Amino acid sequence: MVTLFNDLPDLSLIEIFSYLSCVDALWCFNNLNIRLTRLLIERGFYYHINLSSMRYHRFKKILPLLRLNVIQSLVFDCYSSPLQLRCCPYLPRLRILKVKGVRNVIDVFNFAQRHATTLTHLTVESSEYFETFGLSRKLCYPSWNLCEFITEILNHLSALRSLDLGMESSFFLHHWPFKIIEIPLTYLAITLSTTRNLLDIMSTEPLSRTLEQLHIKLAHECFLINSSLDGINLLPQMKSLHTFSFVKSFDWHSMVEWTFVNLLTSSNVMPALRRINFSIVISVDDLIQMKNSALFTDFRHIDVHYAFIINDDRPHIELVNYVPYDNQCHPRQIGSATFISDSWPDNQPFTTPGQIYARKPKIRQHLFYSLPWTFNEFFQLSVPDRCIYQLEVFKSCSISEIYSSNLIKLNMSDNLASSTTFFSQIMNSNKIVELYLFRCNRQVSMNLPNVSHLILIDSLDSLNSCSLSLNIRSIQIILHYECLRFATGDWTALHSLSILPLLKSLRILLYGMHIPPDDTSCQIIAEITPNLFDFSFCFRRIYHQNSYDTVAAYKEHCLFIEKLRKRILNLSLDEQPYVFVEKDGCGLIMWF
């Protein structure tokens, strides 16, 4: 007996749809018959659109298939082309816009402004590498900083209620410019450069009355000062705020971190608080005070999730008795570890610009964290992994269940396994989707099968590793001139990309290069591009890199960019790509 496709029951068709992206489902089944169209409508394929994995020519062909007047949400992931947003039409009912891996926030604003009366939720995620931070021949990148972007957004998007700018340390706000805004935001997530900015946000009208969730991360080396503590006393009540996050790395600390968090979350400031997430560095005195804090004892019955480090030579068993485990309504299991950290070795062959290499004395440190792990990254344990030894992980004797961790990002450096791998209750290798490699080569062992976004900082040779995830969709390659003697710049490593069936995006960023790659390397780079949807290649200089003839270097950079553009266009391409060359010729973007 022959079964026709149209004879399949609705549940079978819905199961088929579940394996397809919205674009693939519409491409295959749009307007085939009334029944399939009805199912597509019921499953939301016309309302919620993700345009990430799409070539330029297909993008132009799919637009007529979309019902532009009913689209409610639009998503661009980090492996989509930064040129796509420029080509999107007006969507009269668009409420939700999520753009990840943003290169130019001006493009996001221009698109969002066209939807100012309908757009209620805006998510923008980026980093210094996505923004190609630095100087080119005549320009400074990014064109707008985050302060300029927020100013325009909050002045023009009248319907906006939720603004999520992610919690990436290098994508931060250096100044909050408002005392009063017209938009009653209920949700805000953002990275800040100072705690003063946080107090300014909480003092802004009408946010003190409307904010329900506030998620804050502090950028690197953001020192807390006593004036911030004094400023807490002047804050209005955050009457609607029920969820608050205060996140910072462990590789820097201030003496008043716990005091700041404790005062800020008091019932006088946050009377409706129901959940808090915080990561800080504290002292033993802070730990003793923490157990009696209102966060764990008062009438609000707050659900507390935390991770904190203590620098102290006392035995672990002596400290664990002070750690707050739960409050009256939210019992909490605790994980912990102790380790000894040493200073960065004097014989370090090279350092990656922008990374912290502190000269810290040898000391015992203790990590305590609530379960499940609530943060999407595991913070560096005050020093790089190669400076940690005698790491011992403890499990609570009462832990009997397996927790679902939120950890999805992982850092590895110098070919060493991340210290995170020793924390079985935090890390699930199948859940890691974003991997950063610093100063690694082909000897690195990753064994992370579901990594989809790979960031290589002075680690080009790691593409020759036999443990690359076949699920990788996007790769960023960042090379610094200072590291070329030790981190090879051999572009033949790109040949290994041919084994990655899902790879869609490759973005290459070179810092402080005296000369560009040679002619052979240019051809290798060009030949890898036809398999991609998104490709970019940029030269940049960091502000302090002035020790070489930059004028001569920029001239060579521009010649290389033009040569690379012509080499790619001379390949046998099925369709002509969308090509964008930066105004001063130091960067190339192509959407195939």
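How much space per residue, in cubic angstrom, does the convex hull of the C-alpha atoms of the chain take up? Write out the running numbers ahead of the final one.
Numbers: hull volume 107.3 nm³, N = 592.
Looking at the chain, the number lands at 181 Å³ per residue.
Gain in length, THR117 to LEU470, computed as 0.36 nm per residue apart minus the alpha-carbon separation, to one decimal in nm? Display every interim value, and only then the final one.
Numbers: separation 353, 0.36 × 353 = 127.08 nm, distance 4.20 nm.
Full-extension gain reported as 122.9 nm.
With a 1.4 Å probe and all protein chains kept in place, how much accessible area does TYR90 have, in Å² rounded to the nearest 10?
Surface open to solvent at TYR90 totals about 110 Å².
Roughly how much of LEU32 is accessible, in Å² to the nearest 10, using a 1.4 Å probe?
Only protein atoms counted, so the area is about 110 Å².
Tell me, what HN-Hα J-couplings in whole Hz come from the Karplus equation 6.51 cos²θ - 1.76 cosθ + 1.60 at θ = phi - 60° for each residue of the range 468-476, using x for Gly and Pro?
Those phi angles translate into 5, 6, 7, 8, 5, 10, 9, 10, 10 Hz.
Tally Lys and Arg at +1 and Asp and Glu at -1 over the other residues with C-beta under 15 Å from the C-beta of LEU241: what net charge comes out?
Around LEU241, the surrounding residues sum to +3.
Pairs LYS61/LYS431; LYS362/LYS431; LYS98/LYS248; LYS217/LYS431; LYS291/LYS409: which are spaced more than 26 Å apart, C-alpha to C-alpha? Don't jump to the answer; show the numbers that get you there.
Details: LYS61/LYS431 35 Å; LYS362/LYS431 33 Å; LYS98/LYS248 24 Å; LYS217/LYS431 22 Å; LYS291/LYS409 30 Å.
Pairs exceeding 26 Å: LYS61/LYS431; LYS362/LYS431; LYS291/LYS409.
So what's the Cα pair-distance distribution over the range 49-202, bin width 10 Å, in %?
Calculated over all Cα pairs of the range 49-202, the distribution is 10, 40, 34, 14, 2 percent.
By how many nm would the segment from SER496 to SER547 grow when fully extended, if each residue of separation counts as 0.36 nm and the alpha-carbon distance is taken off?
On the way: separation 51, 0.36 × 51 = 18.36 nm, distance 3.45 nm.
Gain on extension, SER496 to SER547, equals 14.9 nm.
Would you mind checking the range 82-114 for residues with the amide N under 20 Å from a putative spin-label position 7 Å along Cα→C-beta of SER158?
Within reach of a label on SER158: 90-97, 109-114.
Where in the chain are the DSSP H helices whose C-alpha atoms run 18 Å or more along the long axis and whose mean Kyte hydropathy is at least -0.5?
Working: long enough: 550-569 (28 Å, 0.03).
Helices passing the filter in the chain: 550-569.
How far apart, in nm, are two points set 7 Å out from the Cα along the Cα-to-Cβ line at LEU573 and at TRP27?
1.8
If you roll a 1.4 Å probe over the chain with all protein chains in place, what percent of the accessible area is carbon or sulfur? Let's see the in-between values first.
Details: 12950 of 25080 Å².
That share works out to 52 percent.
By how many nm would the segment from TYR325 to GLN443 lengthen if fully extended, with 0.36 nm per residue of separation less the alpha-carbon distance? All intermediate terms of the calculation are to be shown ahead of the outcome.
Details: separation 118, 0.36 × 118 = 42.48 nm, distance 4.12 nm.
Length difference between fully extended and current span is 38.4 nm.
FRET efficiency for GLN390 and LYS98, Cβ-Cβ distance as r, R0 = 56 Å, nearest 0.05?
Working: r = 43 Å, r/R0 = 0.77.
Once rounded, the FRET efficiency stands at 0.85.
Could you point to the residue in TYR79, HIS253, ASN50 farthest towards the positive end of the chain's charge dipole, with +1 and -1 charges on the Cβ of Lys/Arg and Asp/Glu respectively?
The one lying farthest along the dipole's positive direction is ASN50.
Just how large is the dipole of the range 1-45 about the Cα centre, in debye to the nearest 20, putting +1 at every Lys and Arg Cβ and -1 at every Asp and Glu Cβ?
Numbers: 3 positive and 5 negative charges, 25 e Å.
The dipole of the range 1-45 has a size of about 120 debye.
Which value in deg cm²/dmol, rounded to the nearest 500, describes the helix-derived mean residue ellipticity at 222 nm for the chain, given -39,500 (n - 2.57) per DSSP H run of n ≥ 4 and division by the residue count?
Values: 16 runs with 130 residues, N = 592.
Calculated from helices alone, the mean residue ellipticity at 222 nm is -6000 deg cm²/dmol.
Can you list the lysines whose alpha carbon is less than 18 Å from that of LYS563, not counting same-chain residues fewer than 8 positions off?
List returned: LYS555, LYS583.
Can you compute the radius of gyration and Dmax for the range 1-45, using only the Cα atoms, both in Å?
10.3, 34
Residues of the range 177-221 with amide nitrogen under 11 Å from the 7 Å Cα-to-Cβ point of ALA294?
Counting backbone N atoms under 11 Å from the label point, the list is empty.
Label points 7 Å out from Cα along the Cβ direction at VAL581 and LYS239: separation in nm?
5.9
Roughly how many Å² of TRP144 are accessible to a 1.4 Å probe, to the nearest 10?
50
Leaving out ligands and nucleic acids, and using a 1.4 Å probe, what accessible area per residue does the range 13-166 come to in Å²?
Numbers: 6360 Å² over 154 residues.
Using a 1.4 Å probe on heavy atoms only, each residue of the range 13-166 averages 41 Å².
Dipole size in debye (nearest 20) for the chain around its Cα centre, Lys and Arg Cβ +1, Asp and Glu Cβ -1?
Values: 52 positive and 53 negative charges, 270 e Å.
The calculation lands at about 1300 debye.
The values are calculated or read from the model by the stated rules, or taken from the named source; none is laboratory data. Since we're looking at a predicted model, the values are computed, not measured. Backbone-built Cβ (ideal geometry, glycine too); neighbour counts: all protein chains shown. For accessibility, only protein heavy atoms count, side chains too; no ligands or nucleic acids. Shrake-Rupley method; radii C 1.70, N 1.55, O 1.52, S 1.80 Å.
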